[in-house]
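Following: one structure in structure tokens, then a few remarks.
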Amino acid sequence: MKLKPITSLILVFLLPLLVNANTYTKQQLTPPTINSKTTDNNDKLMIKRSKKLTPTVRFTIKKQAAPIIPLPVLSSFLSKDHIINAELVKNAPRILGDSVGSPRFFADDIFYAQGQYSQDKVYGIYRLGEPYHSKTGEILGSALTFIGYATVSNNKNLPTNSLLTAFDLNSSVREAQQGDLLLAIPEFESLPAYFTPVAVNENVKGHILKALNHASIIGEWDTVVIDKGKRDHIEVGSMFSILRPGPALLINKANIIYQEDGDVFQKMQEMDLTIPSQRVGQLMVFKVYEKVSIAIVIKAHAVMNANFSIEGLTF
């Protein structure tokens with residue numbers, strides 16, 4: 001079929017427009033939006049293509065929470081010893097002895113103590129130890145070592161009076177002796193059901209004063225006394241790193257030696273250099289007093305002693 005000239009001319013002009021329109025419809029995912037913008041007092045039309053947004057999942061990595069340590073996990077390692085001002089117990093009643101003249105007493109033994117006591121209470125037997133001193137010579141408190149538990153005896157054959165009372169030694173962790181103190185169990189004797197580690201600023205630095213068992217060697221799960229307490233904002237759960245002090249060096253042209261290996265005169269000299277301290281363990285505080293705290297060593301990578309220093313542990 002032949003097209004007329006006029007029809008052919010119309011198709012020549014309309015065919016490109018139809019093709020472009022079809023292509024535009026297929027390519028556009030979303031219809032354009034028309035925004036009006038005014039520049040130099042002339043209105044212009046701008047075509048701004050829209051972008052379809054879809055929701056996405058964002059992941060945030062959180063720091064692991066400090067582990068909570070149940071009391072039963074640590075109970076066998078925790079001490080019932082305390083640190084006190086010796087003046088507070090200078091007039092406390094003491095163990096006098098027994099009917100057979102024994103100076104030492106063990107579980108299930110009977111002994112007499114000064115004064116009168118309530119039959120409804122459990123009493124603690126303690127031994128007052130030597131005072132702890134800071135590096136500057138300040139007295140920080142005295143050790144009150146736990147011996148055992150005792151109650152007023154119900155034995156009718158044991159006479160008592162206003163000056164003395166008969167006791168049953170119910171249990172003990174070491175032998176009791178004449179002169180040991182008989183005290184009511186302190187209110188702070190009970191420990192929390194859980195211990196939550198508490199971060200301490202690294203600027204808080206101190207020292208291990210002594211192991212509670214008076215051992216010269218300190219290891220994992222030993223209890224120690226440190227020279228930081230409530231006045232230093234320490235609380236139950238406070239964590240510290242244990243640092244082994246680096247040895248001092250004496251350096252001269254002839255040789256280099258550790259100061260501790262030198263002779264009497266060399267040990268009195270001023271050191272030339274000190275090897276940096278090394279972290280060898282961690283401890284956690286479980287009893288806090290005004291000037292000191294009692295802590296348990298929960299990690300140990302080396303043998304330690306009372307000369308080691310501590311610094312706050314952050315995590």
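The values are calculated or read from the model by the stated rules, or taken from the named source; none is laboratory data. From a predicted model like this one, the values you see are computed outputs, not experimental measurements. When we count neighbours, we look across all protein chains shown, and the Cβ atoms used for this are built from the backbone with ideal geometry, even at glycine.
You will find that of 277, 216, the residue that is hydroxyl-bearing (Ser, Thr, Tyr) and under 25 Å from residue 144 (Cβ atoms) is 216 and no other. Only one of the numbered conditions (1) under 18 Å from residue 134 (Cα atoms); (2) in contact with a Pro (Cβ under 8 Å, 6 or more places away or on another chain) is not met by residue 232, and that is (2). Pairing residues of segment 78-101 that are on the phi > 0 side of the Ramachandran plot and in a helix (DSSP H, G or I) with residues that are surrounded by 15 or more Cβ atoms within 10 Å (Cβ to Cβ) and not charged (D, E, K, R), at Cβ distances under 9 Å and at least 6 apart in sequence or on separate chains, gives no pairs at all. Looking across segment 239-278, just one residue is touching a Pro at 6+ places or on another chain (Cβ under 8 Å) and within 30 Å of residue 70 (Cα to Cα), and that is 239.
The set of residues in segment 230-286 being within 20 Å of residue 306 (Cβ to Cβ), free of Cβ contacts under 8 Å to residues at least 40 places away in the same chain and within 15 Å of the chain's Cα centre (by Cα) consists of 232 alone.
Cβ-Cβ contacts under 9 Å between residues 6 or more apart (or on different chains), taken from a first residue in segment 183-198 that is under 22 Å from residue 282 (Cβ atoms) to a second residue that is assigned to a loop (DSSP other than H, G, I, E, B) and at pLDDT below 75, are listed as 191/75; 196/66; 196/67; 197/66; 197/67; 198/66. Exactly one residue out of 149, 123, 194 is farther than 18 Å from residue 78 by Cβ and among the aromatic types (Phe, Trp, Tyr), and it is 123. Scanning segment 287-315 for residues that are touching a Phe, Trp or Tyr at 6+ places or on another chain (Cβ under 7 Å) and either farther than 20 Å from residue 215 by Cα or polar (S, T, N, Q) (or both) yields a total of 3.
When only residues in segment 115-129 that are under 20 Å from residue 89 (Cα atoms) and either touching a Lys or Arg at 6+ places or on another chain (Cβ under 6 Å) or of a type in the set (D, E, K, R) (or both) count, which is surrounded by the most Cβ atoms within 10 Å (Cβ to Cβ)? Among those residues, the one meeting the criterion is 127. In segment 124-141, the condition of being more than 41 Å from the chain's Cα centre (by Cα) and over 14 Å from residue 175 (Cβ atoms) is met by no residue.
When you scan segment 232-315 for strands (runs of 3 or more DSSP E) that lie fully inside it, which ones turn up with 1 or more residues that are among the charged types (D, E, K, R) and surrounded by fewer than 16 Cβ atoms within 10 Å (Cβ to Cβ)?
278-288, 293-300
Candidates 132, 117: the one that is assigned to a loop (DSSP other than H, G, I, E, B) and either in contact with a Leu (Cβ under 7 Å, 6 or more places away or on another chain) or in the same structural domain as residue 170 (by TED's automatic domain parsing) (or both) is 117.
Candidates in segment 166-201 are the residues that are assigned to a strand (DSSP E or B) and over 20 Å from residue 93 (Cα atoms); of these, the one that is modelled with the highest pLDDT is 198.
Among the residues of segment 268-311, just one is more than 25 Å from residue 230 (Cα to Cα) and touching a helix residue (DSSP H, G or I) at 6+ places or on another chain (Cβ under 6 Å), namely 271. If you go through segment 134-170 and pick out every residue that is surrounded by 12 or more Cβ atoms within 10 Å (Cβ to Cβ) and either touching a residue at least 24 places away in the same chain (Cβ under 8 Å) or hydroxyl-bearing (Ser, Thr, Tyr) (or both), you end up with 24.
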